[in-house]
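All of the numbers you see were taken from the coordinates with simple rules; none came from a lab. Fair warning: this is a prediction, and the values are worked out from it, not measured in the lab.
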Amino acid sequence: MHRDMYRVVRRIPRGKVATYGQVAELAGYPGAARVAGAAMKASAGSGVPWQRVVGRRSKTVGRVSILDPIGGTTQRQLLEGEGVEFSDSDGIPMRRFGWLPVDD
DNA sequence: GTGGTGACTGCCA
DNA sequence: ATGGCAGCCACCA
């Protein structure tokens with residue numbers, strides 16, 4: 001259920017980001033990354049910090065950043081506002097801003 | 001109940 | 001390193 005996704009997204013710490021696949025898995029739908037995405041778009045206005053959920057290959061989705069086709073600009077703004085830094089070459093340095101469910 | 005679609009991901013060319 | 005194709009899972013028609 002989308003609610004499960006929301007629950008997971010909501011527990012992402014401020015200043016950290018998670019991938020769709022990660023959210024899907026934690027929500028109880030391993031491999032259903034696409035579903036997570038669908039849930040995100042549906043979450044618009046649901047008070048869910050969807051901006052903290054990004055695609056693992058956020059840099060190469062058909063030649064462009066996946067963060068652009070959507071409300072990419074808005075999302076980026078929000079994330080930067082939380083302290084997440086963007087790299088022009090790698091998008092978001094998951095190595096540092098990737099959310100680890102353990103350091104919750 | 002069957003078929004098609006998608007804010008994804010991973011492997012192959 | 002970039003571009004394309006196939007596989008996944010849940011939801012809507």
Stretch gain in nm, segment A:Asp90-A:Arg14, where the contour uses 0.36 nm per residue and the Cα spacing is subtracted: 25.3 nm
Considering amide H positions built from the backbone, and no H for Pro or chain starts, which residues 5 or more places from A:Ala18, or on another chain, come under 5 Å of its amide H? A:Val53, A:Val54, A:Trp99
Once phi is turned into ³J(HN,Hα) by the Karplus curve 6.51 cos²θ - 1.76 cosθ + 1.60 with θ = phi - 60°, what whole-Hz value does each residue of the stretch A:18-34 show in order, with x for glycine and proline? 10, 8, 4, x, 4, 4, 4, 5, 5, 7, x, 10, x, x, 8, 4, 4
